Structures are given as structure tokens and as C-alpha cells.
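Data first, discussion second: the structure below is written as C-alpha cells.
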Amino acid sequence: MVNQLFSAWLLDQLHQRGWSQAELARRANITKGAISHVLNETRRPGEALCKAIADALGYPPETVFRAAGLLPTINAEDADLEKWMAKLALLTPEKRELLWRIMEVMDLDPRHQAKEKRTTSRSRKGKSAISGNAT
């Protein structure tokens, strides 16, 4: 059975970008016929086609593989992580190190974030009491 959800997903991607099937075929370096077969649900998308479509759309291959039913679906949070990993893979080692240092400065430890939130909340209450505003 051909994945009907994939053809709908791919059509939506084309509409969002204002692309024709020919434009996607050109950007993916595949034939217009291959795109047409998938959209008309007469052929299943294979790995090579999905990889080419992912490259053309600027998505991690896993995103397109999941849309095509070649990989199991995941929740939205994990999908975001896939996008991040794909972008990280494109960075030079120097830029990855820089990004890592930035993240360390942000202190992404959830325990510290909870403590910071409580401290910020207390300071707002104190400022409200000083200014005469009730919270």
C-alpha cells in the first residue's frame, strides 16, 4: 500500500514554499515523473528519493523518512532534537565548540533553571511590595 499521508505531506511542503513539482524535482535532482508517481500514490518513496527530497527541502533525512513511513513516528520534542542534530552536523568543530560554550553559559541544567525561576519570582514580589502593587 502506498503511503497516502506522505503524498499529502509532500504536497503541503510544496504549497508552503510555493514550489511546483518541477521545482522540487530540479532542486532534488530527480525526475518530475518520480515526484508525480509519489504524489499520485502509484509508487512508494524509497530511501534515495526521500534523501533527495530532504536535501531539497532542507530537512534532516529522518524527517522525510518518517513522513514516508520508512521510520517510526516520534513526538514533536524528539523531532526538534533531530533538526538540531542535523544542523549541528553541518557545523565546523570550532563552531560546535563555540555553541557548546554558549550553552554552558546559559546553564541549561533544569535544577538551576527551577532555582532561578523561584529567585526571579521572589524578586518580582519584593519589587511589587516596594512600589505598592499587590501580586
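Annotations
- Scope segment 86-95; condition surrounded by fewer than 12 Cβ atoms within 10 Å (Cβ to Cβ) and either within 16 Å of Arg66 (Cα to Cα) or at pLDDT 85 or above (or both); matching residues: Thr92, Pro93, Glu94, Lys95
- Only one of the numbered conditions (1) in a helix (DSSP H, G or I); (2) modelled with pLDDT under 90 is violated by Asp55, and that is (2).
- Condition met for Leu71 (modelled with pLDDT of 85 or more and either in a loop (DSSP other than H, G, I, E, B) or basic (Lys, Arg) (or both)): yes
- All of (1) surrounded by 14 or more Cβ atoms within 10 Å (Cβ to Cβ); (2) aliphatic (A, V, I, L, M); (3) outside any loop (DSSP other than H, G, I, E, B) hold for Ile30 with one exception: (3).
The values are calculated or read from the model by the stated rules, or taken from the named source; none is laboratory data. This one's a predicted model, so the numbers in the text were calculated from it and none came from an experiment. Note: ideal-geometry Cβ built from the backbone for every residue, glycine included; neighbour counts use all protein chains shown.
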